[in-house]
Amino acid sequence: MLRRQCTSEYKIAVVDKVIRSLYGLRPYQRRPLTSIWKGITTDEIDRMSQPTSSWKIHTYPFTGYAWSKNSYERLKCFNDTAQVNYAIRDSTNKGIKKQCYIHRSLQPLEQVVFNKQDELWENECSGNCHTL
């Protein structure tokens, strides 16, 4: 089983770095109070979390509307995710000995048969355990 550091390494850390850059801050200089917008929809409300840094305010604009994961076209998102799945498949240069897959079936996403909508998000790391 691989570590689940994707959110912290490829989302949170990147956004924090860009915010620091946009403010033009030097290392260890304090960031002003900043609203971080997150794309959580009404059917994912359990994924909402409190910020771990005092300078952040999490804002969830989609929860104020009746929007769900099914409210918009997801094909491009799926294709992008399938491309990422392909790109990480051979991660031997990162010290991983076996092929990597995003889906628990250990198949390429384009070959997975999704029987129910919930299966797309089951066991997704929500960050609520605060181990990140």
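Every condition in (1) closer than 20 Å to Gln5 by Cα; (2) touching a Lys or Arg at 6+ places or on another chain (Cβ under 7 Å); (3) modelled with pLDDT of 80 or more holds for Asp46 except the one numbered (2). Against the list (1) modelled with pLDDT of 85 or more; (2) under 30 Å from Phe114 (Cα atoms), the condition Thr63 fails is (1). Please tell me if Asp16 is under 27 Å from His103 (Cα atoms), of a type outside the set (Lys, Arg) and assigned to a helix (DSSP H, G or I). So Asp16 does not fit the description; no. Applying the condition of being surrounded by 12 or more Cβ atoms within 10 Å (Cβ to Cβ) and within 20 Å of the chain's Cα centre (by Cα) to the stretch 21-36 and asking which residue is nearest to Ile96 (Cα to Cα) yields Ile36. Looking at the stretch 79-118, which of its residues are in a loop (DSSP other than H, G, I, E, B) and of a type in the set (A, V, I, L, M, F, W, C)? Ile96, Cys100, Ile102, Leu106, Val112, Val113, Phe114 - these are the residues of the stretch 79-118 that are in a loop (DSSP other than H, G, I, E, B) and of a type in the set (A, V, I, L, M, F, W, C). Against the numbered list (1) among the basic types (Lys, Arg); (2) closer than 23 Å to Val15 by Cβ; (3) modelled with pLDDT under 80, Lys38 comes up short only at (3).
The values are calculated or read from the model by the stated rules, or taken from the named source; none is laboratory data. No experiment lies behind these values; they were computed from the predicted model shown. Cβ coordinates were reconstructed from backbone atoms using ideal geometry, including for glycine residues, and neighbour counts include every protein chain displayed.
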